[in-house]
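Some notes on the structure that comes next.
The values are calculated or read from the model by the stated rules, or taken from the named source; none is laboratory data. This is a predicted model, so every value here is computed, not measured. Positions of Cβ are generated from backbone atoms using ideal geometry, with glycine treated the same way; all protein chains shown enter the neighbour counts. Ligands, DNA and RNA are excluded from the accessible area calculation, which covers all protein heavy atoms including side chains. Shrake-Rupley method; radii C 1.70, N 1.55, O 1.52, S 1.80 Å.
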Amino acid sequence: MNYYDQHLHTHHSFDSNESFENYLDRFCPTIFVSTEHLDFKNPYVNGEDSIPEYSAYKKELNHLHSRYDTKLLRGIEVGYVDTHKEMIEHFLASNHYDIILLSIHQNGTIDYMDESVKDLDVADLIDDYYSRMLDAVQSVEFANVLTHFDYGVRLLQLSVDEFKKMAEPYLIDIFKIMIDKRIAFELNAKSFIKYENKALYEYAIPLYISLGGTLFTLGSDAHVAQDYELGFEEMKNLLRKNDVTLLALYDNQQLTLVPIS
């Protein structure tokens, strides 16, 4: 089995208009999964809930199954906020997904991609963001993958040394819990390529490995079909440099390890 993109979005996410057909027709994948946003009280849309309509999602996948040979899986990207935990768990209990991504996008007031974060004290921002990430990995039992560990600092121009000084104590604890709970570490192409945070991944991956981490995924975070498997060769090369030979795949939330091709 070959690895395939495990983080991408379609029109079932609030911030994408892309169709399944554009992905499937252009790339003809053997297996395909979209990971649609679940974000309660989403600051990106003025505090409204961003909830994928599961019945419509399931219906469209069933329809596509009759037209394509591709195996179609169901995925979701959960935007975690501690005060939303009960709503998140209620939603997930009612709807089945093959892969569940865990993300920290907001703090209940602002999304960390809002321009206003540039005006915040950097140390305070990092404390806020990574304390929330630590709480998330401690609190949830549903996550298969932690996405874009650098999302909260994407808009900042931090050197690795600056980032390490402020974030490493949090990351050590976060990675230890991820390892204990078998939550995979995602290399996110939007961070790696579009926000030019490759250096932060070059720092974080050896740290994760040094603590005993072995589970890695690659995700394009595509919101348009042309970004499918964006940056995969560059990210694979970084893993190879760290002697990583296997990638994690999820189907029915069951883990399979496949060689890096």
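Annotations
- Candidates 122, 137, filtered to the one that is at pLDDT 95 or above and under 28 Å from residue 1 (Cβ atoms): 137
- Given (1) of a type in the set (D, E, K, R); (2) closer than 23 Å to residue 143 by Cβ; (3) open to solvent by less than 40 Å² (accessible area, probe 1.4 Å), number of the condition residue 18 does not satisfy: (2)
- Selection count, segment 26-74, where residues are under 23 Å from residue 2 (Cα atoms) and in contact with a Phe, Trp or Tyr (Cβ under 6 Å, 6 or more places away or on another chain): 7
- Selection within segment 201-214 - open to solvent by 10 Å² or more (accessible area, probe 1.4 Å) and either at pLDDT below 95 or among the hydrophobic types (A, V, I, L, M, F, W, C) (or both): 207, 209, 211
- Residue among 93, 56 that is out of contact with any helix residue (DSSP H, G or I) (no Cβ under 9 Å at 6 or more places or on another chain) and either under 23 Å from residue 232 (Cβ atoms) or open to solvent by less than 70 Å² (accessible area, probe 1.4 Å) (or both): 56
- Subset of segment 141-160 that is in a loop (DSSP other than H, G, I, E, B) and under 15 Å from the mean Cα position of the chain (by Cα) - its residue that is surrounded by the fewest Cβ atoms within 10 Å (Cβ to Cβ): 142
- Between 186, 196, the distinction of being of a type outside the set (A, V, I, L, M) and assigned to a loop (DSSP other than H, G, I, E, B) belongs to 196 only.
- Of all the residues in segment 157-209, those that are under 21 Å from residue 257 (Cβ atoms) and among the acidic types (Asp, Glu) number 2.
- Flag: residue 171 does not match the condition of being out of contact with any Cys (no Cβ under 7 Å at 6 or more places or on another chain) and part of a loop (DSSP other than H, G, I, E, B).
- Screening residue 193 with (1) crowded, with 21+ Cβ neighbours inside 10 Å; (2) under 19 Å from residue 236 (Cα atoms) gives one miss only, at (1).
- Hits in segment 174-183 - residues which are open to solvent by less than 10 Å² (accessible area, probe 1.4 Å) and not in a helix (DSSP H, G or I): 183
- Look at (1) buried (at least 21 other Cβ atoms within 10 Å of the Cβ); (2) under 18 Å from the mean Cα position of the chain (by Cα); (3) under 19 Å from residue 82 (Cβ atoms) and you find that residue 111 fails only one, number (1).
- Failed criterion for residue 121 (all others in (1) without any contact (Cβ under 8 Å) to a residue 60 or more places away in the chain; (2) closer than 24 Å to residue 217 by Cβ; (3) out of contact with any Leu (no Cβ under 6 Å at 6 or more places or on another chain) hold): (2)
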